[in-house]
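Chemist: Have a look at the structure that comes next, please.
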Amino acid sequence: MHVKSTIQAILASAALALLTGVAQAEIVIKFSHVVAENTPKGQGALKFKKLAEERLPGKVKVEVYPNSQLFGDGKEMEALLLGDVQLIAPSLSKFDRYTNQIQVFDLPFLFNDIAAIHRFQNGPTGQAILKSMTKKGLIGLGYWDNGMKQLSAKKPLKMPEDAKGLKFRIQASDILEAQFKAVGAIPQKLAFSEVYSALETGVVDGAENPWSNAYSQKFYEVQPYFTESNHGYLGYMLVANNKFWEDLPADVRPVLEKILAEVTAEVNKSATAFSEGDRQKIKDSGKTQILQLTPEQRAAWQTAMKPVLDQFTPKIGKDIVDAAMAANKP
Ligand code: LMR
């Protein structure tokens with residue numbers, strides 16, 4: 001009797017160990033992105049790792065892969081759907097294949113400033129866009145800023161005519177393609193990891209980037225002129241594989257969601273500081289000139305690019321574009 005109960009006890013504890021062992025198997029979250037670590041997104045990914053591992057010790061491990069190390073543009077979304085990576089934060093310009101709604105963020109001169117963008121992102125339309133790709137297997141978990149984009153080129157760009165005939169590197173977005181065509185330029189879709197050498201070797205003549213990418217990728221070393229155009233927004237959607245996210249244990253997902261909310265707030269605060277600081281560092285480098293536009297010159301760019309808005313509004317959805325415009329009013 002005694003032996004039997006001992007054996008039973010051993011078996012029971014072995015079963016328990018096995019069960020708890022299974023329940024406690026560490027969840028590995030691979031977070032892949034294409035930018036440098038000294039950028040808003042790079043820092044956000046590291047902060048997420050730190051907080052997740054601090055608050056979920058033994059339960060969650062986060063591996064961050066910056067600089068297109070693991071997957072570059074064009075591959076990271078597929079990798080997410082295949083489960084080869086669990087978290088990515090592509091720029092909002094890189095979702096063309098999954099939803100038209102998100103293209104609203106690419107429309108030139110749509111938002112007055114970052115505060116308007118935040119109002120739109122945090123409002124009902126912005127929040128609905130996060131959930132708009134679940135049927136395709138993607139769930140949006142939040143928006144992260146980088147900053148407003150600036151034009152750069154091998155020659156000074158003051159009026160839209162100055163861009164005529166120049167080749168510009170763009171992200172994989174049809175709106176950005178139309179935007180450069182509208183000023184008579186020749187857009188070329190290229191992965192982020194290829195931009196520096198494309199600018200250096202003259203495969204393209206110009207680009208559009210927020211200050212932090214221009215600084216961290218050293219684009220200012222191979223672009224003699226920047227124009228402070230603030231003509232569009234570069235931000236990110238943090239996305240997970242919907243099934244992976246839904247299947248996370250009940251004691252893990254809410255903790256990660258809370259962490260993401262904290263990290264998002266921090267990234268968005270730091271993004272402004274990155275923009276200002278990196279702009280200054282580029283200026284101080286003496287390797288490029290930063291040109292300002294007069295209100296008239298800026299208006300000329302806006303007018304030249306306006307047809308893009310009219311062309312793409314029906315595709316994106318008039319309600320979405322209207323909601324974005326309404327966010328310009330505080
Ligand atoms: C780009 O391709 O220019 C950007 O989307 C890169 C990034 O992630 O900021």
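The values are calculated or read from the model by the stated rules, or taken from the named source; none is laboratory data. Computed from a predicted model, the values in this text were never measured in an experiment. Here Cβ is always computed from backbone atoms with ideal geometry, including for glycine, and neighbour counts include all displayed protein chains. Keep in mind that these areas ignore ligands, DNA and RNA; they rest on the heavy atoms of the full protein, side chains included. Shrake-Rupley method; radii C 1.70, N 1.55, O 1.52, S 1.80 Å.
Chemist: What single numbered condition from (1) away from the ligand (no atom under 16 Å from the Cβ); (2) farther than 20 Å from K258 by Cα; (3) not in a loop (DSSP other than H, G, I, E, B) fails to hold for N112?
Modeler: (3)
Chemist: Further question on the same structure: Which is under 23 Å from V239 (Cβ atoms) and either over 18 Å from the mean Cα position of the chain (by Cα) or modelled with pLDDT under 95 (or both), of D174, D145, D96, D162? Step through it out loud before you land on a result.
Modeler: On the way: D174 fails: either over 18 Å from the mean Cα position of the chain (by Cα) or modelled with pLDDT under 95 (or both); D145 fails: either over 18 Å from the mean Cα position of the chain (by Cα) or modelled with pLDDT under 95 (or both); D162 fails: under 23 Å from V239 (Cβ atoms).
Selected residue: D96, the only one of D174, D145, D96, D162 that is under 23 Å from V239 (Cβ atoms) and either over 18 Å from the mean Cα position of the chain (by Cα) or modelled with pLDDT under 95 (or both).
Chemist: Take the residues in the stretch 82-109 that are farther than 19 Å from K243 by Cα and open to solvent by 20 Å² or more (accessible area, probe 1.4 Å), then tell me which one is nearest to the ligand (Cβ to nearest atom).
Modeler: Going through the qualifying residues, I end up with K94.
Chemist: Just to verify a result, which residue in the stretch 197-218, among those that are in a helix (DSSP H, G or I), surrounded by fewer than 22 Cβ atoms within 10 Å (Cβ to Cβ) and not β-branched (V, I, T), is nearest to the chain's Cα centre (by Cα)? Break it down stepwise before answering.
Modeler: The first filter runs over the stretch 197-218 and keeps only residues in a helix (DSSP H, G or I), leaving 197-201, 211-216.
Going one step further and asking which of them are surrounded by fewer than 22 Cβ atoms within 10 Å (Cβ to Cβ), we end up with 197-198, 200-201, 216.
After this cut, where a residue has to be not β-branched (V, I, T) as well, the list is 197-198, 200, 216.
Values: S197: 22, A198: 21, E200: 24, S216: 15 Å.
Looking at the filtered set, the residue picked out is S216.
Chemist: Quick one: count up the residues across the stretch 149-176 that are in a helix (DSSP H, G or I) and surrounded by fewer than 19 Cβ atoms within 10 Å (Cβ to Cβ).
Modeler: 2
Chemist: Taking the condition assigned to a helix (DSSP H, G or I), in contact with a helix residue (DSSP H, G or I) (Cβ under 6 Å, 6 or more places away or on another chain) and basic (K, R), does K41 pass?
Modeler: No, not satisfied.
Chemist: Restricting to the stretch 59-81, and then to whatever is open to solvent by 40 Å² or more (accessible area, probe 1.4 Å) and assigned to a helix (DSSP H, G or I), can you tell me which residue is nearest to the ligand (Cβ to nearest atom)?
Modeler: Per the criteria, the residue is E78.
Chemist: Could you check the stretch 232-288 and list, in sequence order, the residues that are within 16 Å of the ligand (Cβ to nearest atom) and either aromatic (F, W, Y) or outside any helix (DSSP H, G or I) (or both)?
Modeler: Passing the criteria: G232, Y233, L234, G235, Y236, M237, L238, V239, F274.
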